[in-house]
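The values are calculated or read from the model by the stated rules, or taken from the named source; none is laboratory data. Here the structure is a predicted model, which means the values were calculated and not measured. Every residue, glycine among them, receives a Cβ derived from its backbone with ideal geometry; neighbour counts consider all protein chains shown. Each accessible area value is taken on the protein alone, full model and side chains, heavy atoms only, with ligands, DNA and RNA left out. Shrake-Rupley method; radii C 1.70, N 1.55, O 1.52, S 1.80 Å.
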Amino acid sequence: MQITLSAIKADVGSIGGHTRPSEEMLDAVGMLLQKNIDSGLLIDGTVTFTGDDIAIIFSHRHGVNNEKIHVDFAWEAFLAAAKVAEAQGNYGAGQDLLVDAPSGNVRGAGPGVAEIEFELDAKSEYRPAESFMIFAGDKCAPGAFNLPLYLTFTDPMHNGGLLLNPKMHLGWTFTIIDMDHKGEADDRIIRLDVPERSWDVAALLQNPDRYAVESIHSRYKPDEQVVSVAATRLHNIAGKYTGKDDPIAIIRNQGIFPAPEEIVEPYATVNQIISGDARGSHNMPQLPVPVNTAVTGPYCHPIISAIGFSMNQEGKFAERYVDFFDNQAWDYARHLSQRRAVEIRRQGFFGIAMAQQTEIAYTGLVNTWEQLDDEFELRKS
């Protein structure tokens with residue numbers, strides 16, 4: 001049976017600033033989720049939040065980019081939450097809903113979308129059971145998953161399965177998107193096979209503000225997609241800074257794919273620094289947090305949550321998900337992240353502590369530069 005797994009996320013309002021959505025907002029989304037499960041449009045689903053972003057994670061049989069799924073359900077759910085946020089006086093009500101009415105699907109309309117379509121087959125020799133993980137970021141650029149995905153899928157120093165699992169040893173196909181391309185209808189993408197072209201993949205992914213992993217497919221079974229990432233730039237849609245892009249990702253695991261332990265390993269050992277922070281203005285280390293965590297700490301870390309699901313042959317989820325970062329094993333990684341954050345923020349707004357110029361270009365600092373530029377004068381030497 002063909003199943004589509006969708007994870008759609010948006011910031012449509014939060015309490016006391018950019019912290020977390022209210023329970024009433026979550027209830028509004030949950031009610032529409034259950035209504036559409038009861039009607040048969042959806043098979044199963046759940047609602048979570050990471051920082052100020054609401055994530056809807058659900059299964060259905062309608063394929064990717066389906067209008068009924070995206071517009072009639074997800075968009076309406078975010079609108080309902082935004083109306084609650086407005087009524088409650090919450091900050092940033094409807095912030096990520098950047099168009100009046102999306103056309104066909106919500107890609108390019110503000111919400112982040114990750115989707116994978118695959119076949120459930122209990123008799124499959126390579127995929128008899130379906131398990132997957134959802135990674136959600138807040139206060140971070142859409143390339144937040146570039147380095148962890150690169151290490152997991154190309155580097156046996158971080159993922160022993162690349163050596164020990166013959167089916168993973170055959171490698172992967174990365175689809176990388178140029179997020180600065182502003183064509184009206186077409187995306188600018190490149191597909192690269194690893195390990196043969198691992199260095200070419202690295203040459204692109206080292207710039208997480210322009211290039212991002214959009215998807216990864218198995219080369220053992222080329223029709224099997226293992227990764228889907230929401231990789232869109234909100235400032236390219238709105239033409240100005242409207243908040244960070246805060247990506248969400250689906251990663252299938254086990255069997256012919258990496259194990260959960262191999263997928264989360266880079267978040268403990270590397271603790272990468274990416275652009276993010278309260279105004280999208282600084283470079284800061286990622287902080288792995290439990291799901292449903294509010295943003296209340298200093299420096300406004302880019303935060304990442306990771307939860308795992310099992311799915312039966314009808315597309316229904318197990319009773320509960322597992323929270324991979326809600327564990328004492330991650331306390332040390334969080335401590336290291338806090339220490340790195342303190343060191344970086346000692347530089348304030350000077351030099352490499354700030355995000356790249358392409359990111360700063362969408363902030364008010366550019367207006368100051370333009371005003372000061374008129375005051376410069378030429379001095380004869």
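For the reader, a short list of remarks on this structure follows.
- Taken over the stretch 61-74, the criterion of being β-branched (Val, Ile, Thr) and open to solvent by 40 Å² or more (accessible area, probe 1.4 Å) is satisfied by Val64 alone.
- Sole exception among (1) closer than 30 Å to Ile43 by Cβ; (2) part of a loop (DSSP other than H, G, I, E, B) for Glu262, by number: (2)
- The residue that is nearest to Leu287 (Cα to Cα), among those in the stretch 149-160 that are open to solvent by less than 10 Å² (accessible area, probe 1.4 Å) and out of contact with any strand residue (DSSP E or B) (no Cβ under 6 Å at 6 or more places or on another chain), is Thr152.
- Residues that are out of contact with any Leu (no Cβ under 6 Å at 6 or more places or on another chain), crowded, with 18+ Cβ neighbours inside 10 Å and farther than 23 Å from Gly92 by Cβ, drawn from the stretch 44-60: Asp44
- The single condition among (1) in contact (Cβ under 8 Å) with a residue 12 or more places away in the chain; (2) part of a helix (DSSP H, G or I); (3) on the phi < 0 side of the Ramachandran plot; (4) open to solvent by 30 Å² or more (accessible area, probe 1.4 Å) that Asp331 does not meet is (1).
- Evaluation of Val295 against (1) modelled with pLDDT under 95; (2) open to solvent by 80 Å² or more (accessible area, probe 1.4 Å); (3) part of a loop (DSSP other than H, G, I, E, B) (one fails), failing number: (2)
- Every listed requirement among (1) within 24 Å of Glu196 (Cβ to Cβ); (2) in a loop (DSSP other than H, G, I, E, B); (3) open to solvent by 60 Å² or more (accessible area, probe 1.4 Å); (4) not acidic (Asp, Glu) is met by Leu163 save one, (2).
One line per residue, one yes/no per condition, for (1) in contact with a Gly (Cβ under 9 Å, 6 or more places away or on another chain); (2) at pLDDT 95 or above; (3) not hydroxyl-bearing (Ser, Thr, Tyr):
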{"residue": "Ile307", "(1), (2), (3)": "no, yes, yes"}
{"residue": "Ser310", "(1), (2), (3)": "no, yes, no"}
{"residue": "Gln313", "(1), (2), (3)": "no, no, yes"}
{"residue": "Phe317", "(1), (2), (3)": "yes, yes, yes"}
{"residue": "Asp323", "(1), (2), (3)": "yes, yes, yes"}
{"residue": "Asn327", "(1), (2), (3)": "no, no, yes"}
{"residue": "Trp330", "(1), (2), (3)": "no, yes, yes"}
{"residue": "Gln338", "(1), (2), (3)": "yes, no, yes"}
{"residue": "Arg345", "(1), (2), (3)": "no, no, yes"}
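- None of Ile303, Ile307, Ile352, Ile273 is touching a helix residue (DSSP H, G or I) at 6+ places or on another chain (Cβ under 8 Å) and either open to solvent by 80 Å² or more (accessible area, probe 1.4 Å) or not small (Gly, Ala, Ser) (or both) except Ile273.
- Selected residue (criterion: modelled with the highest pLDDT) from residues of the stretch 1-29 that are out of contact with any helix residue (DSSP H, G or I) (no Cβ under 9 Å at 6 or more places or on another chain), within 30 Å of Ala129 (Cβ to Cβ) and open to solvent by 10 Å² or more (accessible area, probe 1.4 Å): Gln2
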